[in-house]
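Just below is one structure, and these are the notes that go with it.
The values are calculated or read from the model by the stated rules, or taken from the named source; none is laboratory data. Just so it is clear, the model here is predicted, and its values are computed rather than measured. Neighbour counts run over all protein chains shown; Cβ positions are idealised from the backbone, glycine included. What goes into the accessible areas is simple: the full protein's heavy atoms, side chains included, and nothing from ligands, DNA or RNA. Shrake-Rupley method; radii C 1.70, N 1.55, O 1.52, S 1.80 Å.
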Amino acid sequence: MTHQLQALDICKRFGQHEVLKGVSLSASAGDVIAIIGSSGSGKSTFLRCINLLERPHSGRVLVQGEELQLRTAKDGMLQAVNAKQLQTMRSKLAMVFQHFNLWALALGLLGLALRGHRRDV
């Protein structure tokens, strides 16, 4: 079975502080994955590294079996070789970050939907 998403041996540091030390994840079609951990443990950084919103120092990312082509830049971090490939891969991924507040958004949309069906008595 081909994984829809693979993040392999992702490493990221801020200065001398290594926040991700070879973290890997594989997801198949239909998987729903929750990454949990204490504040500051690197959850959001890991997700941001998968789609290069945060540039990792090493690792590999594959989406639907296609590897994102990366190279090491002068600053020592990875960057996409092809911006179009990165954009295409990002369009295939969906991630929800902490504090996104989906519940409030859902209640707001529900309120708008109900307003259209309200009858004055």
inquiry  = Any residue that is modelled with pLDDT under 85 and of a type outside the set (A, V, I, L, M) - is there at least one of those in region 84-98?
reply    = yes
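Within region 13-84, considering only strands (runs of 3 or more DSSP E) that don't extend past its boundaries, which have at least 1 residues that are in contact with a Cys (Cβ under 8 Å, 6 or more places away or on another chain)?
On the way: elements: 17-27, 58-63, 70-72, 78-80.
Strands (runs of 3 or more DSSP E) meeting the threshold: 17-27, 58-63.
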inquiry  = Checking the structure you have, find out if any residue of region 68-76 is at pLDDT 95 or above, open to solvent by less than 70 Å² (accessible area, probe 1.4 Å) and within 19 Å of Gln6 (Cβ to Cβ).
reply    = yes
